[in-house]
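K.L.:
Structure in structure tokens, see below.
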Amino acid sequence: MHAFEAFTQLVRTLTGKSTISTITDVQNAEQLAFLRSLKQQQSRNKEALLMPLDQLELVVFDIETTGFRPQKGDEIISIGAVKMNGLQVVEETFYTLVKPTQRIPQNIIELTGIDQEMTAKAPTLREALLAFLIFAKGCTLVAHHANHERNFMKHYSQQLLQTPFNQRIVDTAFLIQICEYNHTLITLDDVCLHQQIPIIGRHHALSDAKMTAQVWLKYVQQAMNLGCDNLQDVYERFARL
């Protein structure tokens, strides 16, 4: 089911209405869904630390943005994500363009292929964030060099949803550094080339998320071979580097 079809179905369930007639219906359902997932996530964050790595339910995601500083007005223009169940990448994916409030810089258009015309009828960032959070369903999030994603999610969750972003985002860099301490692998391209993962559709959020999922899969198995049974072990080993 498409992410926005699933969202519409959820709105009907939460409001108890067979049709959605007003924006208030949607807003009320959005807030209920978000608050429920937030409450679940606060307890799941602790559970995920001790969950065996090969049993974690993950959403590996990537965002494309107009810059690096959301506090200065840089915006998210696309979100892509894939789900993983333990060591398996499942077929369920999420992708949406996002309608920005400002012009997309030319260098970003050239990098991502996303222009103003493509995003003209896309969901707002508020709508896209809520749809993504519903897709994630309280899973542990994974991103490559996750500070970028974390900064944008925290900033815009607070600004647009008036709610702190509390979901755990695990950085693939932790796994890479404990497994490849003799190598300097920084960019997603570096890691994919090193691991012979095909680089396809770079700087497209869903394509990057799919490649990041393959990176996670490669390195989580190596981490397990080093004796890491769960995320707590990963963090503790990383702290000893």
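Let's see how each residue does on (1) at pLDDT 95 or above; (2) open to solvent by less than 10 Å² (accessible area, probe 1.4 Å); (3) touching a Ser or Thr at 6+ places or on another chain (Cβ under 7 Å); (4) of a type in the set (S, T, N, Q):
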residue: Glu149; (1), (2), (3), (4): yes, yes, no, no
residue: Leu160; (1), (2), (3), (4): no, no, no, no
residue: Ile186; (1), (2), (3), (4): no, no, no, no
residue: Ser207; (1), (2), (3), (4): yes, no, no, yes
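K.L.:
Working carefully through the options Gly67, Gly73, find the one that is over 15 Å from the mean Cα position of the chain (by Cα), within 17 Å of Asp115 (Cβ to Cβ), surrounded by fewer than 17 Cβ atoms within 10 Å (Cβ to Cβ) and touching a residue at least 24 places away in the same chain (Cβ under 8 Å).
P.N.:
None of the others qualify; the one that does is Gly67.
K.L.:
Condition first: farther than 13 Å from Leu217 by Cα, buried (at least 21 other Cβ atoms within 10 Å of the Cβ) and touching a Leu at 6+ places or on another chain (Cβ under 9 Å). Now tell me which residues in the range 49-63 satisfy that.
P.N.:
Phe61, Asp62
K.L.:
Name the pairs: first residue in the range 95-118 and open to solvent by 70 Å² or more (accessible area, probe 1.4 Å), second residue in a loop (DSSP other than H, G, I, E, B), Cβ to Cβ under 6 Å, at least 6 apart or on different chains?
P.N.:
What qualifies is Lys99/Ala122; Lys99/Thr124; Leu111/His203.
K.L.:
Can you pull out every residue in the range 152-197 that is of a type in the set (D, E, K, R), within 15 Å of the chain's Cα centre (by Cα) and under 20 Å from Thr65 (Cα atoms)?
P.N.:
Lys154, Asp171, listed by residue number.
The values are calculated or read from the model by the stated rules, or taken from the named source; none is laboratory data. Bear in mind that the values here come from a model prediction, so they are computed numbers and not experimental data. Cβ sites come from the backbone with ideal geometry, for glycine too, and all protein chains shown count toward neighbours. All accessible areas refer to the heavy atoms of the entire protein, side chains included, with ligands and DNA or RNA removed. Shrake-Rupley method; radii C 1.70, N 1.55, O 1.52, S 1.80 Å.
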